[in-house]
Each structure stands twice: as C-alpha cells, then as structure tokens.
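All remarks here apply to the structure that follows.
The values are calculated or read from the model by the stated rules, or taken from the named source; none is laboratory data. Everything numeric here is computed off the predicted structure, so don't read it as measured data. All Cβ positions, even for glycine, are placed from backbone atoms using ideal geometry, and neighbour counts span all protein chains on display.
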Amino acid sequence: MNPLPTPDLMRTAAPSELAPTVLFRVGLADEYLTVESPVGPVFVARNGRGVSATAPAFQAEAADAFEAAFATRFRRPIRPARRFERTEVEALETALHEGRGRGVRFDLRATTAFGREVLDAALRIPRGEIRPYAWIAREIGHPAAVRAVGSALGRNPVPLLIPCHRVVRSDGHIGDYAWGSAVKRAVLATEGVVPAEVEREARAGSHYLGSDTTHIVCWPTCRHARQIQARHRVPFATIDEAVAAGYRPCRDCRP
C-alpha cells in the first residue's frame, strides 16, 4: 500500500519556468531575440514550431510596441528569451544577412493557405534579384490574383527571412513595404540592387533584358542578365515583344 504524501510534498510547487517552457515548446507562447541584420537590429520571435515573427528594433521603445503588436495579432503571450544558444543567434544572423530562410523553420499557422503559397514563392527569389507581384501570382497558379498577392505579402509575419522586399510593382517602382519603403530600398541596396536604377530603366520602357548572343531574355536583375556585356544588351518593354523578336525566356528567372 502506497503511503500518503507528506505535508511537505503536498506543498511543493512546480518550478516557475515550467509552464512558460511547456507553452513555448508546444507553440502556445513565444520568446524573442534581438538579432543583427543588414539594416540594423531586428526582433526575431520563435516558439517550438519555428520562427513566428520579425520586426525592426531600431528605436528605444520598439520592444514594448513589438510585444503589444504581437499579442494583438497572434493572441499569444510573448516575452524576451530567457536563455538561448549562441549558435541559434548566429544561424539567424546568417539567414538575415543572406535574406533567405534556408534551414529556418517557420510557424505560419496564422497565415492562410493562399498566403503560404505566396510566401513560399517569395522564398524562391534569389538574393539580389527582384520580381513583380504578377510573377508571384503566375508562379502559384493564380495569374489574376495580383492584388491578393500584394495583400498577402503585406501580411508577411517574417520580413527579411521571407524576402517580400524582393517583390516590386509591375511598373518597376519599388513599392511599399511593411517596415517602410526606405527600409525596403536599403535592404535591396545591401543585396546589390540599385532601386533608383531599376525605376529609371522601367520609366524608359526597359522591363526585360535580352542578350543578342544567346537570344535569351531575363528580368533585368537576373544573375544571367547581369553578365550580359553592354554592347550585347537588348531591352524590351514586354515579354511578348521579346518572344516576337526571337528571344527565349530564361529558364531560371522565368520572365
């Protein structure tokens, strides 16, 4: 027969960190780190399911605003991380500087299925390249849903790690960004894209760039387009114009 618990055992309380740790591991509460990015410090929130949010940490009162916005949007508690591995921070810094979420798990359960398709397509845009909203819409099989794509990117919970900054307007204008247009331009500049030059070429009617030696046409920021020597560059206003001139769309950037 098992003895009854002693009064001392009955009064023993669970460790204060037990409940928060369990909630964190099952994704019912989040913690956040401050991590360096190409444009300054950012908050990176995560739980046992993966990274759930990012936000700029540029200002003194940013932490309070971030915690409040996170709780309102996701309906979960969040707090600064009590402990973390240095390797975790280094991995996040690398991902932020590369502008891609390779090796990073995301918690996107608050995002719709359509939104996840949009974000997955944005992840496929290489560093230093940009695509228009219409490209994303076509890639996910909804070519008419350009406006919906823009809305989904605007709700991206993890900017920088999921690079919505690489998606621009079809007229070549860099466009808006959740963290502000100035931040978007600064991030693109760190990746080798010159926003003013992109917009200037678009105003001149150069939305695509072909090579008269390979007769392949690309988006102007495609890595293949950047290798075209100046004397061999052929600008086009539309992809139909390029195809009519005998050019084949690049298989990598898929204009």
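Report the residue count in segment 138-159 for those that are assigned to a helix (DSSP H, G or I) and crowded, with 23+ Cβ neighbours inside 10 Å.
Summing the residues that are assigned to a helix (DSSP H, G or I) and crowded, with 23+ Cβ neighbours inside 10 Å in segment 138-159 gives 3.
Given the conditions (1) at pLDDT 95 or above; (2) touching a Gly at 6+ places or on another chain (Cβ under 7 Å), and given that A202 satisfies all but one, which numbered condition is not satisfied?
Evaluating A202 over (1) at pLDDT 95 or above; (2) touching a Gly at 6+ places or on another chain (Cβ under 7 Å) leaves (1) as the failure.
In the set A55, A60, which member is among the hydrophobic types (A, V, I, L, M, F, W, C), at pLDDT 95 or above and either under 18 Å from the mean Cα position of the chain (by Cα) or assigned to a loop (DSSP other than H, G, I, E, B) (or both)?
On the way: A60 fails: at pLDDT 95 or above.
The conditions single out A55.
For segment 173-251, which strands (runs of 3 or more DSSP E) that fit wholly inside it have 2 or more residues that are in contact with a helix residue (DSSP H, G or I) (Cβ under 6 Å, 6 or more places away or on another chain), outside the structural domain of G154 (by TED's automatic domain parsing) and small (G, A, S)?
Values: elements: 208-211, 216-218, 233-236.
Correct list: 208-211.
Please go through segment 75-115 and pick out each residue that is over 16 Å from R49 (Cα atoms), touching a strand residue (DSSP E or B) at 6+ places or on another chain (Cβ under 8 Å) and assigned to a helix (DSSP H, G or I).
Those that are over 16 Å from R49 (Cα atoms), touching a strand residue (DSSP E or B) at 6+ places or on another chain (Cβ under 8 Å) and assigned to a helix (DSSP H, G or I): V89, E93, L96, H97.
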